[in-house]
1. Only one residue in A172, A166, A203 is in contact (Cβ under 8 Å) with a residue 40 or more places away in the chain, in the same structural domain as G84 (by TED's automatic domain parsing), within 15 Å of K14 (Cβ to Cβ) and touching a helix residue (DSSP H, G or I) at 6+ places or on another chain (Cβ under 9 Å). Which one?
2. Kindly provide the set of residues from segment 189-228 that are crowded, with 18+ Cβ neighbours inside 10 Å and under 18 Å from R157 (Cα atoms), ordered by number.
3. Confirm whether V136 is touching a helix residue (DSSP H, G or I) at 6+ places or on another chain (Cβ under 8 Å) and either in a helix (DSSP H, G or I) or in the same structural domain as H224 (by TED's automatic domain parsing) (or both).
4. Which of the residues that make up segment 6-49 are aliphatic (A, V, I, L, M) and surrounded by 22 or more Cβ atoms within 10 Å (Cβ to Cβ)?
5. What are the residues in segment 205-235 that are touching a Lys or Arg at 6+ places or on another chain (Cβ under 9 Å) and either more than 18 Å from H139 (Cα to Cα) or away from the ligand (no atom under 15 Å from the Cβ) (or both), if any?
6. Cβ contacts < 6 Å: first residue at pLDDT 95 or above, restricted to segment 72-87; second residue among the polar types (S, T, N, Q) and not in a helix (DSSP H, G or I), any location; separation 6+ or different chain. Result?
7. Could you list all residues from segment 135-173 that are more than 14 Å from the ligand (Cβ to nearest atom) and crowded, with 23+ Cβ neighbours inside 10 Å?
8. So L179 clears everything in (1) out of contact with any Gly (no Cβ under 6 Å at 6 or more places or on another chain); (2) surrounded by 15 or more Cβ atoms within 10 Å (Cβ to Cβ) except one condition, right? Which one?
Amino acid sequence: MTSPITIPTLYKMKERGEKIVSLTAYDYPLARLIDTSGVHMILVGDSLGMVVQGHSSTLPVTMDEMIYHTKLVTRAAQYALVVGDMPFMSYQTGIETAVANAGRFIKEGGAAAVKLEGGASVSGVIKAISLAGISVQAHIGLTPQSVHQMGGYKVQRDEDRLMADALEVEAAGAFSVVLEGIPSDIAKTITQRLKIPTIGIGAGPFCDGQILVIHDLLGLTDRHIPRFVKQYAQLLDLAKAGVLNYAEEVQSGSFPGKEHCY
Ligand code: KIV
């Protein structure tokens, strides 16, 4: 069996120029599918607030909900490195709370690392969590937990600020950084400058790896699909056809057939 992915594996991949493949997952069946497909890193993203819970943003997601979903994913993952996403207000109110909440992802959720949003403004939190022995993935650029401050889900173009944020989170001890919603040329410069791997979403092809939300990739959602997503399947259409077929057969009496009876 191939050895499980560790943080040193990810550093080696960056050094060798091998792309890191990452996806989100929120439950056992999809995490198992992703893990057995050779994906290197699974993020239990707070995007579950939108694609699983039906909220219009990630803001309502709680720590307890994140821990529950992280447990489902880590039960399935034998190969991929699992990262738990710290929800809104689980790390913004003080360093002690942030470290304690990060610890819950590792101790209760079984994750190998945590992710949190923000650049220079959260470097103290990243440092404290890292010093507690917990690996942190940073997330800069379009940070969905700041949707109201940003005035919507908008591409971030301030190159000086993005570079400063990237350098600060690296210096604070982050093992990797998600670059979301930034122009490709800025993502390229940041990727060349940093020693830690960059994982892009809506940040072009030059990042060290890519991440997408699994429901977007598989067409498992009818929400608006951003331009940066490529849909590799349309599972919602297939599933809908299956359910309609079942309903028709129950109503017409053709299901269950003899072969389904004892
Ligand atoms: O919550 C999430 O799924 C994320 C990724 C899209 C990076 O933050």
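The values are calculated or read from the model by the stated rules, or taken from the named source; none is laboratory data. On a predicted model such as this, the values are computed, not experimentally measured, just so you know. Virtual Cβ from ideal backbone geometry, glycine too; neighbours counted across all protein chains shown.
1. Values: A172 fails: within 15 Å of K14 (Cβ to Cβ); A203 fails: within 15 Å of K14 (Cβ to Cβ).
From the options A172, A166, A203, the qualifying one is A166.
2. I190, T191, T198, I199, G200, I201, G202, A203, C207
3. Values: touching a helix residue (DSSP H, G or I) at 6+ places or on another chain (Cβ under 8 Å): yes; either in a helix (DSSP H, G or I) or in the same structural domain as H224 (by TED's automatic domain parsing) (or both): yes.
Judged against the criteria, V136 is a match.
4. The first filter runs over segment 6-49 and keeps only residues aliphatic (A, V, I, L, M), leaving 7, 10, 13, 20-21, 23, 25, 30-31, 33-34, 39, 41-44, 48.
Residues satisfying the conditions are L10, I20, L23, A25, A31, I34, V39, M41, I42, L43, V44, L48.
5. Looking only at segment 205-235, we keep the residues that are touching a Lys or Arg at 6+ places or on another chain (Cβ under 9 Å), and these are 205-210, 212, 215-217.
Selection gives P205, F206, H215, D216, L217.
6. From segment 72-87, the pairs are V83/Q137.
7. D165, A166, V169
8. All conditions pass for L179, except number (1).
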